[in-house]
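All remarks here apply to the structure that follows.
Laboratory data are not the source of any read-out in this text; all were calculated from the coordinates shown. Model, not experiment: these values are computed from the prediction. Cβ placement follows ideal geometry from the backbone for every residue including glycine, while neighbour counts extend to all protein chains displayed.
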Amino acid sequence: MGTIKVQTENIFPIIKKFLYSDNEIFLRELVSNAVDASQKLKALSSMGEFKGTLGSLRVEVIVDKAAGTITIKDNGIGMTSEEIEKYITQIAFSGAEEFVNKYKDKVDKNVVIGHFGLGFYSAFMVAKKVEIFSLSYKENAKAIRWECDGSPEYQMEDIATKTERGTDIVLHIADDCLEYLETTKIEGLLKKYCKFLPVEIKFGTRKEFIPTEEKDKDGKAVQKEIETDNIINNPTPAWTKKPAELTDEDYKSFYHELYPMQFEEPLFNIHLNVDYPFNLTGILYFPRLSNKLEMPKDRIQLYSNQVFVTDNVENIVPDFLTLLRGVIDSPDIPLNVSRSYLQADSNVKKISSHITKKVADKLEELFKKDRADFEKKWDDIKVFVQYGMMSDEKFFEKAKNFALFKNTEGKYFTFEEYENHVKGNQTDTDKRIIYLYTTNVSEQHAYIDAAKSRGYDVILMETMIDAHYINQLESKLKDTSFVRVDSDTVDKLIKKDEKQPSKLSEEQNKKLQPVIEGVVPKEQFMVVFESLSEKDAPMLITRPEFMRRMKDMNALGGGGMNFYGKLAEMYNLVVNSNHPLISRLLSETNADKSRL
C-alpha cells in the first residue's frame, strides 16, 4: 500500500475538469505515452544500452465492451516498481523529461513526446479505476501490477502473469463515459489524434481480399479473403521526410491522405523544415480559392511530435494562413489543448511569425522562378495574398514584390510595373496617379469602353475584400488613388485641365432638369448636367466612389462603417448636354410649352 504524493491539492478534479478541454484527449495522452516507451527502447538500443531484441515495436488498443475496459498495450521500455513509484505516484514528475535530460548528448530531444508528466492521469477523466501491468526491459526485472480508483491511494504488487516486456494500461470505464466502449468511437479518436504517430498502432483486425493462383470461369484470379492487423496510422508521413525524398505525386498523395474528401488538386505546396531558432516541420498546401472570402472547412492541422493537437487554428496562426491547408508540427507546440493557453504561448507566436515569413519567401521564389506559371495561379491565390497584405505588415513588405494587378486585357503587372504603365496618361492635375478599376466587366463594359477610348487602362478588382484592399493600397502607394470606372463621367474620372465646351447654356439645363427629374425617383437619383463628348452616351448613371466603397466595406464587415451601411442607395444621373438627343429633348420640351 502507498499514497500518491500529490503536489497540488485536489489534483483529480483539476485534471478532470480543467487540465484538458475535452475528455477524449485521454486516448491521445495514453497512446503517446506508449509510443514514448517504444521510442525510448529504440534509443537505448541504438546507444548499445539495450542488448536484447527489439522485435516489432507496436502499440495496440483493445476495447472489451463486455468487461467495460479499454487497454493500451506497448512492448517498449516497461517500468520497474521503483519507476512506477517515481513516474506515476509523483504527479507532474515527467519520466520523458528526465529521460531527455539524462541522454541529451546522445539522443534527439524530439524523439520523446511527453514533457509534463500529467498525461497518464487524463485516464481518470473517463475511468473509475486504472490498472498498470508492466515488465521492464532491464535484466531480472519483476512484473508489476498497480491499481488506483481515482483517490490518492493506490495498490502495487509483484505479479508472475505478465511475461512480455512492456506496459498494459487498463481503463475500467466510468458509467457516465460508456460511449468510449464503442469501437467506432475509439477508432475515430485514434484516427483523429494518432494518425501520424511514429510507431505502428494496431486496433483490431480488418478483412482484405488478395488474388490467388486459381482462376474463375472468365480467367480472372479468384480473390481470397484474409484477416489482417488494422494499423490505423502512417508512422512516416510526408512532412517527416526531406523534400529531396519526395516527388510531386508524393505531395499530392499526402494531401489526399490529410483531406480524403477533397477531390481537387492543390495548386502547390510549401515544405517547412526549420531547426533554428526552434524546431518546425510541416507542409502547407495552397487550394484554389474563390473570390469570396470563405474559410475552408479543412483547416491547417497542428501537431507536436506527430501527435495531433488541434485543427481549430483561428487566433493561433494569422487569420490569412487559415485559408491554407496542411500540417504544422513542432515539439515547441504545447500538447495542452486549451485554446487560450495556445494563443498566449510565446513559442506558438514565434512559430506563427516564422511561418508567415516562409510563406512569403516561397511565393516570391515561385514568382521569380517562373513568372508565367505564377500568373496562371494568381487568380486562385490572390484572395490569400491580399488578405495577408491587409492583416500582416511584414507580409505586406514581402508581398509587394510579387502581388499583381490584372487589367481587362488579361495582362499582369507588379505594383512598380503598373505605376510605370499608367502614370504618363493617368496622372491628374494634383499629380496623383489614378488607378481605374472595375468590379464587373460585363456590367460595367460601357464605362470601361469609355475609359479605353481616352487611352486609359482598367484593372480588375472583383473580390469581395477589394474595397478594404484598395483602402490599404491608397495608404501605402505614394500619390495614388483608386477610382471605379462607373463612379463618375469619363472626363471626371481623372481630373485634367482640358474641358469640353457645352452646347447648352445654364438656363437651358435648368429648363430640362425638372423634366428629367419628373421621370426618375428623387430619393435615389440626383440629376446633374455635364458637357461630355458627343460620342459619349446621352445619359449615364454613376455612383460616387466614396459612398459606394464605404457601403462595400460595411457589407464585408468593416468596423465603424455601420453608418454608411444604413444609408439609402444614391446615384448620379449624368445628362450629357452635348449629345444630340439631349438637344432634341430640349427642342421638344420648348415646342410643348409653346403649344400650351
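Tabulated results
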item	result
Whole-Hz ³J(HN,Hα) from phi, Karplus 6.51 cos²θ - 1.76 cosθ + 1.60, for the range 154-167, glycine and proline x	9, 10, 9, 8, 6, 9, 10, 6, 8, 10, 9, 4, x, 9
Alpha carbon centroid spacing (whole Å) that separates the range 222-294 from the range 180-196	20 Å
Per-residue Cβ neighbour rank within 10 angstrom, fewest leading, 354, 468	354, 468
Residue-by-residue Karplus 3J(HN,Hα) for the range 423-430, coefficients 6.51, -1.76, 1.60, Hz, glycine and proline x	5, x, 9, 10, 9, 8, 5, 8
Length-normalised contact order for the range 184-258 - Cα pairs under 8 Å, 6+ apart - percent	32 percent
Residue order, fewest to most beta carbons within 10 Å, for 461, 47, 526, 156	47, 526, 156, 461
Alpha carbon centroid spacing (whole Å) that separates the range 375-389 from the range 455-475	13 Å
Fewest-first sequence of 515, 199 by Cβ atoms within 10 Å of each Cβ	515, 199
The range 432-546 - percent relative contact order, Cα under 8 Å, separation 6 or more	30 percent
The range 468-546: C-alpha gyration tensor shape, a/c 1.5 cut-off, then a/b vs b/c	oblate
Global form of the range 394-439, assessed from the alpha-carbon gyration tensor, a/c cut-off 1.5	oblate
Cα gyration tensor shape of the range 403-499, rounded if a/c is under 1.5, else prolate or oblate by comparing a/b with b/c	rounded
Per-peptide average of other Cβ atoms within 10 Å, ordering 299-306, 164-171 highest first	299-306, 164-171
